[in-house]
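The values are calculated or read from the model by the stated rules, or taken from the named source; none is laboratory data. For clarity, every value in this text was computed on a predicted model and none was experimentally measured. Here the Cβ is made from the backbone with ideal geometry for all residues, glycine too, and neighbour counts use every protein chain on show.
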Amino acid sequence: MQNKQSIHGAWANRWMFILAATGSAVGLGNIWKFPYIAGENGGGAFVLVYLVCILLVGVPIMMAEVLVGRRGRQSPINSMREAAYEAGHHGRWAGVGWLGVLAGFLIFSFYSVVAGWVLYYIAGMGSGKFIGLGSDQAGQVFAALLEDPKTLLIWHTVFVVLVMMVIAGGVNKGLERATRVLMPLLFVLLFVLLGYSINSGYFSQGWDFLFHFKPEALTWEAVLVAMGHAFFTLSLGMGCIMAYGSYMGKKDSIGGTVLMIAGLDTLVALVAGLAIFPIVFGNQLDPGAGPGLMFITLPVAFSQMAGGQVFGFLFFLMVGFAAWTSAISLMEPGAAWLVEKLGVKRITAASILGFLVWALGLLALGSFNLTSDLLLFGMTAFDFLDFLTANIMLPLGGLLVAIFVGWYLPREMTEDELALRSSGIYLIWRFVLRYISPAAVAVVFALNLYQKLAG
Ligand code: TRP
């Protein structure tokens with residue numbers, strides 16, 4: 001057994017790791033995306049497929065990522081290299097870490113733009129600007145925001161600075177401190193909103209919409225969406241979880257911890273759905289509104305209900321916290337690597353990366369206004385960045401990690417690091433990681449790509 005620690009620090013205890021990784025996992029994907037894709041894809045049937053994907057693909061690959069991180073105790077790039085050396089393989093496996101750092105950088109640039117919208121809505125809700133809004137007006141407010149590069153720039157910049165501040169603080173004074181404050185608040189806000197929706201008189205309608213099992217609504221397309229989302233929502237495929245795993249205690253159980261993180265992430269997504277849909281139904285709005293559900297439909301609902309200004313403010317505050325803790329994890333692998341490679345201080349690493357993602361974010365931001373004509377493969381920069389990362393880089397990264405850990409690391413090494421309670425569970429994990437997860441990811445990866453490029 002190796003007992004070395006990361007030069008960057010270590011989580012105070014097992015719960016800090018669970019909370020920090022949950023902070024990474026719970027983000028715009030859970031609160032903004034999950035409710036509407038579940039609604040669009042047949043509710044209960046979709047939720048079931050999504051849960052299967054989390055268990056068969058998400059959990060085994062997350063365990064693999066944590067395992068490599070804790071073994072290597074460094075940034076994903078160096079941990080992958082270390083693990084490969086230890087197993088007698090070529091250092092080029094570090095390339096998987098590189099792919100991850102690059103993916104994190106690209107995801108950050110458009111994630112920050114959406115997070116900027118959220119900040120704008122926090123301010124708007126708080127100041128009462130959205131009181132008495134009809135649906136047409138709400139649509140106009142959102143459209144006007146997208147067309148206004150100056151306002152977008154301000155909030156994008158604020159968000160990047162918020163993340164840089166945390167990264168500059170390092171593992172204990174930055175990441176851990178933010179996690180300690182933001183995650184409990186996020187849970188409290190979520191349950192306050194759930195309480196509101198339970199009392200709204202429309203809870204059962206929301207419940208049915210999400211959990212009523214309609215097998216006929218389940219399509220092959222929905223399976224693809226469910227699988228892709230399982231990846232995105234658990235922050236897999238780019239080394240976030242590997243980096244967080246490198247700060248984890250040696251004695252903590254990886255299996256139990258990962259199950260907890262996946263469980264919490266799923267719980268937040270389901271509760272977010274249960275908090276949102278009753279509000280939507282209570283106001284006779286369309287649950288299938290798609291991506292506009294959060295930025296157009298919900299503000300209308302909040303503007304018309306009693307106490308809506310307060311609940312609307314709390315709702316967007318919660319989304320902002322969730323986006324913040326996720327974005328931190330997108331920057332951590334790159335920051336850790338810069339510190340290791342160049343020996344610079346955290347604040348320098350944070351400033352370099354912050355500037356880079358801010359600059360690339362300008363391109364994503366301009367997709368809605370100044371540079372909307374600039375198309376890459378028929379997509380705006382924003383859509384292209386989303387497509388390239390979510391549909392290509394993340395599945396590829398996840399697939400490579402599964403292959404590396406499942407096929408290239410010797411059995412003794414992974415068995416020792418996981419230290420699972422029974423060898424039966426270990427064998428099941430290893431089997432799923434070697435055969436099931438890669439096959440599932442490969443199929444979805446190929447189909448997704450084919451569909452996009454052919455369609
Ligand atoms: N999981 C986060 C969400 O649901 C987003 C995120 C953070 C992410 N880190 C990631 C997605 C790494 C993919 C890879 O919003």
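Annotations
- Scope the stretch 107-163; condition of a type in the set (Phe, Trp, Tyr), more than 25 Å from ALA349 (Cβ to Cβ) and not in a loop (DSSP other than H, G, I, E, B); matching residues: TRP117, TYR120, TYR121, PHE142
- Output for the stretch 443-455, where each listed residue is over 18 Å from GLU65 (Cβ atoms) and either under 24 Å from the mean Cα position of the chain (by Cα) or at pLDDT 95 or above (or both): VAL443, VAL444, ALA446, LEU447, ASN448, LEU449, GLN451, LYS452
- Taken over the stretch 377-422, residues that are surrounded by fewer than 21 Cβ atoms within 10 Å (Cβ to Cβ), of a type in the set (Val, Ile, Thr) and modelled with pLDDT of 95 or more amount to 1.
- Members of the stretch 346-361 that are among the hydrophobic types (A, V, I, L, M, F, W, C) and touching a residue at least 40 places away in the same chain (Cβ under 8 Å): ILE347, ALA349, ALA350, LEU353, LEU356, VAL357, TRP358, LEU360
- Considering only residues in the stretch 1-43 that are under 15 Å from LEU186 (Cα atoms) and in a loop (DSSP other than H, G, I, E, B), the one that is farthest from the ligand (Cβ to nearest atom) turns out to be VAL26.
- Selection count, the stretch 265-311, where residues are within 16 Å of the ligand (Cβ to nearest atom) and of a type in the set (Asp, Glu): 1
- Qualifying residue in the stretch 312-325 (condition: more than 15 Å from the ligand (Cβ to nearest atom), without any contact (Cβ under 8 Å) to a residue 24 or more places away in the chain and not basic (Lys, Arg)): no
- A single member of PHE232, PHE313, PHE277, PHE281 is closer than 24 Å to ALA144 by Cβ and in a helix (DSSP H, G or I), and it is PHE313.
Matching residues to (1) in contact (Cβ under 8 Å) with a residue 60 or more places away in the chain; (2) touching a Leu at 6+ places or on another chain (Cβ under 8 Å); (3) of a type in the set (S, T, N, Q):
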site: PHE17; (1), (2), (3): yes, no, no
site: VAL26; (1), (2), (3): yes, yes, no
site: LEU51; (1), (2), (3): yes, no, no
site: ARG70; (1), (2), (3): yes, no, no
site: TYR85; (1), (2), (3): no, no, no
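- Selection over the stretch 310-332 of residues that are surrounded by 24 or more Cβ atoms within 10 Å (Cβ to Cβ) and either within 16 Å of LEU234 (Cα to Cα) or touching a Phe, Trp or Tyr at 6+ places or on another chain (Cβ under 8 Å) (or both) gives a count of 14.
- Of PRO278, PRO299, PRO291, all but one fail to be touching a Phe, Trp or Tyr at 6+ places or on another chain (Cβ under 7 Å), surrounded by fewer than 24 Cβ atoms within 10 Å (Cβ to Cβ) and not hydroxyl-bearing (Ser, Thr, Tyr); the exception is PRO291.
- Qualifying residue in the stretch 184-194 (condition: within 29 Å of SER246 (Cβ to Cβ), in contact with a Phe, Trp or Tyr (Cβ under 8 Å, 6 or more places away or on another chain) and within 16 Å of the ligand (Cβ to nearest atom)): yes
- For the stretch 78-100, the count of residues that are under 21 Å from THR380 (Cα atoms) and among the aromatic types (Phe, Trp, Tyr) is zero.
Table: residues versus (1) farther than 21 Å from GLY288 by Cα; (2) surrounded by fewer than 22 Cβ atoms within 10 Å (Cβ to Cβ); (3) without any contact (Cβ under 8 Å) to a residue 24 or more places away in the chain.
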{"residue": "HIS156", "(1), (2), (3)": "yes, no, no"}
{"residue": "VAL171", "(1), (2), (3)": "yes, no, no"}
{"residue": "ARG180", "(1), (2), (3)": "yes, yes, no"}
{"residue": "LEU189", "(1), (2), (3)": "yes, yes, no"}
{"residue": "GLY201", "(1), (2), (3)": "no, yes, no"}
{"residue": "PHE211", "(1), (2), (3)": "no, yes, no"}
{"residue": "VAL223", "(1), (2), (3)": "no, yes, no"}
{"residue": "PHE231", "(1), (2), (3)": "yes, no, no"}
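- Selected residue (criterion: surrounded by the most Cβ atoms within 10 Å (Cβ to Cβ)) from residues of the stretch 250-264 that are of a type in the set (Gly, Ala, Ser) and away from the ligand (no atom under 16 Å from the Cβ): GLY255
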